[in-house]
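Participant: To start, I am sharing the structure in question, which I have written as structure tokens.
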Amino acid sequence: MAIITLTTDLGTEDHYVGVLKGSILKHCPDATIIDISHKIPPYDILKAAYTLKNCFKDFPEGTIHIIGVNPEISTEAINLVILYKGQYFIGSDNGVFSLIFEDVPEKMIEISIMADPDAITFPTKDIFTKAACHIAKGGTLEMIGMPTTELNEKALFRAVSVGNIIKGMAIHIDHYGNIITNIDDTFFKAFGQGREFKIEFRRGDYDINSISKVYSDVPEGEKLAIFSSSRMLEIAMNKGNASKLLGMKESDIVRIEFYDR
């Protein structure tokens, strides 16, 4: 029984998600369909990549991921199926794949399935679901396209170090108002070398000088820093909305200054 996941910017108030699921089940009635998210902001491939990157590793090998965010709508569009770490990823070559993958994929195929040239408005349904069902039924990738080695690359701002400072930024605000940054724990530990530090944000209006292990390490309503399950530095509040109460939003700068003892 194949697992097919959906990550889209279609929302949940219209009929579009229902159309996708109906199309999958019509061609592959035994499929298990998992909604990762349909509330990606419209056309936001960065948010789509962040969302899928932080969950696909928990799915079993053979899972098929459809990415229906900002798909290219034209007869010349390049759509890909990519095999990466034993799982399949299907979507437009709009840069989203380069933001998800950390290594070179095992295989990349440019999809040759074509939508009706008179109705090219919904490639996620007309192309991606057909490719997903082909794979789910045991079909080979070479039957639906030609191998390729080219991938549209998108640059992602990464945390950097200057002197004794790590400079990063907020890249995601979650449902609870937690502020996830692009500073990962490996970089933090390697650069910090156990030194004392101060995490600054809102242009120095707020600072934190310790890393908590759990949210309840601080009293309710107090701010804290913690490495989340994605291993990225998170600014949060114990049972509070850090984004609203601290006035933080995506793209805001977060600095960590280290001190020699």
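The values are calculated or read from the model by the stated rules, or taken from the named source; none is laboratory data. Keep in mind that this is a model prediction, so the values were computed, not measured. As a convention, Cβ positions derive from the backbone with ideal geometry for all residues, glycine included, and neighbour counts pool all protein chains shown.
Participant: Within region 8-33, how many residues turn out to be over 22 Å from residue 50 (Cβ atoms), part of a loop (DSSP other than H, G, I, E, B) and not charged (D, E, K, R)?
Facilitator: Going through region 8-33 one residue at a time, the tally reaches 4.
Participant: Of the conditions (1) farther than 15 Å from residue 122 by Cβ; (2) modelled with pLDDT of 95 or more, residue 104 fails just one. Which one is it?
Facilitator: Condition not satisfied by residue 104: (2).
Participant: Looking only at region 39-58, how many residues end up being surrounded by 19 or more Cβ atoms within 10 Å (Cβ to Cβ) and farther than 20 Å from residue 84 by Cα?
Facilitator: Going through region 39-58 one residue at a time, the tally reaches 1.
Participant: Would you confirm whether any residue within region 17-37 is crowded, with 16+ Cβ neighbours inside 10 Å, of a type outside the set (Phe, Trp, Tyr) and within 14 Å of the chain's Cα centre (by Cα)?
Facilitator: For region 17-37, residues crowded, with 16+ Cβ neighbours inside 10 Å, of a type outside the set (Phe, Trp, Tyr) and within 14 Å of the chain's Cα centre (by Cα): present.
Participant: Check off (1) on the phi < 0 side of the Ramachandran plot; (2) outside any strand (DSSP E or B); (3) touching a strand residue (DSSP E or B) at 6+ places or on another chain (Cβ under 6 Å) for residue 221 and give me the number that stays unchecked.
Facilitator: (1)
Participant: Further question on the same structure: For a quick check of your reading of the model, give me the residue pairs whose first member lies in region 20-48 and is touching a residue at least 60 places away in the same chain (Cβ under 8 Å) and under 13 Å from residue 65 (Cα atoms), whose second is of a type in the set (Ser, Thr, Tyr) and part of a helix (DSSP H, G or I), with beta-carbon atoms closer than 6 Å and at least 6 apart or on different chains.
Facilitator: What qualifies is 24/129.
Participant: Within region 127-172, take every residue that is surrounded by fewer than 14 Cβ atoms within 10 Å (Cβ to Cβ), touching a helix residue (DSSP H, G or I) at 6+ places or on another chain (Cβ under 8 Å) and of a type in the set (A, V, I, L, M) and give me the one that is modelled with the lowest pLDDT.
Facilitator: Checked region 127-172; the qualifying residue modelled with the lowest pLDDT is 156.
Participant: Within region 34-79, track down each residue that is in contact with a helix residue (DSSP H, G or I) (Cβ under 7 Å, 6 or more places away or on another chain) and either assigned to a strand (DSSP E or B) or not assigned by TED's automatic domain parsing to the domain that holds residue 143 (or both).
Facilitator: Across region 34-79, the qualifying residues are 36, 37, 64, 65, 66, 67, 68, 79.
Participant: Any residue at all in region 67-85 that's surrounded by fewer than 22 Cβ atoms within 10 Å (Cβ to Cβ), in contact (Cβ under 8 Å) with a residue 12 or more places away in the chain and farther than 20 Å from residue 130 by Cβ?
Facilitator: yes
Participant: Hey, another quick one. With the requirement that a residue be in contact with a Gly (Cβ under 7 Å, 6 or more places away or on another chain) and at positive phi, what does region 173-214 give you? Please lay out each step first, then the result.
Facilitator: Narrowing region 173-214 to residues in contact with a Gly (Cβ under 7 Å, 6 or more places away or on another chain): 181-183, 202.
202, the sole residue that qualifies.
Participant: List the number of the failed condition for residue 154; all other conditions in (1) outside any strand (DSSP E or B); (2) over 25 Å from residue 99 (Cα atoms) hold.
Facilitator: Of everything listed in (1) outside any strand (DSSP E or B); (2) over 25 Å from residue 99 (Cα atoms), residue 154 misses just condition (2).
Participant: Take residue 114 and decide whether it is part of a strand (DSSP E or B), in the same structural domain as residue 14 (by TED's automatic domain parsing) and not aromatic (Phe, Trp, Tyr). Outline the logic, then answer.
Facilitator: Numbers: part of a strand (DSSP E or B): no; in the same structural domain as residue 14 (by TED's automatic domain parsing): yes; not aromatic (Phe, Trp, Tyr): yes.
So residue 114 does not fit the description; no.
Participant: Additional query: Return the total of residues in region 169-209 being farther than 19 Å from residue 237 by Cα and of a type in the set (Lys, Arg).
Facilitator: Qualifying residue count, region 169-209: 2.
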